[in-house]
Amino acid sequence: MTRIIAGGARGARLSVPGTGTRPTSDRVRESLFGALESMDALDGARVLDLYAGSGALGLEAWSRGAESVELVELSRPAATVAGRNAAVVAKALGTPTTAKVHQSAVHAFLTRTQGPFDLVFIDPPYDLANAAMTADLVALTPLLSDDAVVVIERGKRATPPDLDAAGLDLLRSKTYGDTTLWWATPAM
């Protein structure tokens, strides 16, 4: 079990898929969302959570004021868990759900959806090939609003994402234990 850390659904317990996912730790999520709040990146944001797993990142954003959330997860069991978690957060917020779960491969989803998105979380399996990550970033960039923030989570030993190939500028990066986060925005 994990939980929503803050916002209208604070304390709501989220289920985690049994296998095949690696939930972002509470410590990393707290730091991440503190940074996003200081950037004023949450209130009214249209959020896309790629490789969503349980949906904890996107649902945390929704709890903290995001307008809508799209959760994309290939694994059927994980997508089912993300859907149940979205219902839990909707109930805690006392609102109809504006979170949508898409059981799909990330790249396929990106080639058929429309934006714009203001905040994007990308938390793929640590063994995702760099070429696949770059292809996802290139497909994502046209779907971003002008001032969008993209947060990428990988293992600290992973090669940094190729932001230049996708037309993204690095805002910052930070390592927490075995996890590194990169924040990026569309290049101007």
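Scanning segment 45-70 for residues that are over 20 Å from LEU128 (Cα atoms) and either free of Cβ contacts under 8 Å to residues at least 40 places away in the same chain or hydroxyl-bearing (Ser, Thr, Tyr) (or both) returns SER63, GLU67, SER68, VAL69.
Matching residues to (1) of a type outside the set (Val, Ile, Thr); (2) within 16 Å of the chain's Cα centre (by Cα); (3) open to solvent by less than 40 Å² (accessible area, probe 1.4 Å):
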position: PHE117; (1), (2), (3): yes, yes, yes
position: ASP127; (1), (2), (3): yes, no, no
position: THR134; (1), (2), (3): no, no, yes
position: LEU143; (1), (2), (3): yes, yes, yes
position: VAL151; (1), (2), (3): no, yes, yes
position: GLY155; (1), (2), (3): yes, yes, yes
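Screening segment 78-188 for helices (runs of 4 or more DSSP H) wholly inside it with 2 or more residues that are of a type in the set (Val, Ile, Thr) and over 23 Å from GLY44 (Cα atoms) returns the ranges 106-112, 130-140. Across segment 71-111, the qualifying residues are those that are without any contact (Cβ under 8 Å) to a residue 12 or more places away in the chain and touching a helix residue (DSSP H, G or I) at 6+ places or on another chain (Cβ under 8 Å), and the one among them that is most open to solvent (accessible area, probe 1.4 Å) is PRO96.
The values are calculated or read from the model by the stated rules, or taken from the named source; none is laboratory data. What you see is a predicted model; the values in this text were computed from it and never measured. No Cβ is skipped: glycine too gets one built from the backbone with ideal geometry, and neighbour counts run over all protein chains shown. Areas reflect the complete protein model, heavy atoms only, side chains present, ligands, DNA and RNA absent. Shrake-Rupley method; radii C 1.70, N 1.55, O 1.52, S 1.80 Å.
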